[in-house]
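Remarks on the structure that follows.
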Amino acid sequence: MTEESITIFLADANATRRLGITLGQILDPGNVILLSGDLGSGKTTLVQGIAEGLGITEPIVSPTFTLINEYLAGKLPLYHLDLYRLQPKEVTNLNLESYWEGVDFELGIVAIEWAERLEYKPPNYLQFCLKYQDNGDAAKGKLLPPARQVEIFSVDLSQTNNINALLKNQGFTTSS
Ligand SMILES: Nc1ncnc2c1ncn2[C@@H]1O[C@H](COP(=O)(O)OP(=O)(O)OP(=O)(O)O)[C@@H](O)[C@H]1O
Ligand SMILES: [Mg+2]
């Protein structure tokens, strides 16, 4: 079945990380991952999983102050950006396209937190929108911290379908 986007329930931080690992294993050079969602919704955790899936062993720390962290020791380079502190005009001045065009930098995976701050988007990207989600039945009568839900959208419909099939295969709870 063809779907526009995929919605996945992420019961805990480990589920977020596991989703990242799965993605890190299948992403192609030049893939751009746009991450959006409220403070603390799990963006960095997902990137940590992607790094693990790429075979990067260095710890992935949020580039809130450094803006861009580059990890070059994995299967593909990982460029991790966080736009939280920037105004849209400042983002435009960064010339981020040099990361996904592969001219000045070796093509790799570009993961951008707070991608809402982008005034223009790359021609192709995978979007992850993370949201807080209650734990449903599991939380009944208990004080469980909130889980998360992620909606995944790709400009390339065949990539959405491939990811959907892969995640179902790996036991993720997908709903569309
Ligand atoms: N599916 C999940 N369920 C519950 N907690 C989660 C889940 N995924 C991640 N977390 C936890 O949420 C907290 C915040 O995660 P993280 O730092 O990845 O969020 P973030 O979106 O990058 O935050 P920021 O907006 O500050 O960049 C961490 O403690 C992490 O372990
Ligand atoms: Mg973060």
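Values in this text are rule-based calculations from the coordinates and carry no lab data. Remember, it's a predicted structure, so these values are computed and weren't measured experimentally. For neighbour counting, all protein chains shown are included, and Cβ atoms are generated from backbone atoms with ideal geometry for every residue, glycine included.
Descriptive notes on the structure:
- Backbone N under 16 Å from the L94 label point (7 Å along Cα→Cβ), restricted to the range 1-38: 32-37
- Cα pair distances in the range 32-101, grouped into 5 Å bins until the bin that holds the longest one, percent each: 3, 15, 27, 26, 18, 9, 2
- Largest GNM mean-square fluctuation across K142, K121, K89, computed for the chain with C-alpha springs under 10 Å, falls on K142.
- Listed by chain and number, the aspartates and glutamates placed with their C-alpha closer than 17 angstrom to that of K43 are D12, E52, E70, D82, E113, E116, E151; residues fewer than eight positions away on the same chain are left out.
- Footprinting exposure proxy for T66, T174 (fewest neighbouring C-beta atoms within 10 Å first): T66, T174
- Taking other Cβ atoms within 10 Å as a rough exposure proxy, V91, V61, V103 sort from fewest to most as V103, V61, V91.
- Taking label points 7 Å from Cα along the Cα-to-Cβ direction, Q170 and E4 give a separation of 2.5 nm.
- Look at the dipole of the range 1-146 built from charges on Cβ: of F105, P59, A15, the Cα furthest out on the positive end belongs to A15.
- The range 35-109: relative contact order in percent, alpha carbon pairs under 8 Å with at least 6 residues between: 21
- Rounded to the nearest 0.05, the FRET efficiency derived from the C-beta distance between F105 and K142 at R0 = 35 Å is 0.15.
- C-alpha long axis of helix 13-26 to longest principal axis of the chain, angle in °: 50
- Computed from point charges on the beta carbon alone (+1 for Lys and Arg, -1 for Asp and Glu), the dipole magnitude for the range 5-175 about its Cα centre is near 620 Debye.
- Hypothetical label at Y120: residues of the range 141-176 whose amide nitrogen lies under 20 Å (7 Å Cα-Cβ projection): 155-156
- Label-reachable residues, the range 37-57, where backbone N falls under 17 Å from a point 7 Å from Y84's Cα toward its Cβ: 37-49
- Average Cα contact separation per residue, the chain, under 8 Å, 6 or more apart, as relative contact order %: 32
- With Cα atoms, 0 to 90° folded angle of helix 157-169 axis to the chain main axis: 40
- Evaluated over the Cα positions of the chain, the convex hull gives a direction-averaged projected area, one quarter of its surface, of 10.4 nm².
- Cα long-axis angle, helix 43-53 against the chain (0 to 90 degrees, to the nearest 10): 80
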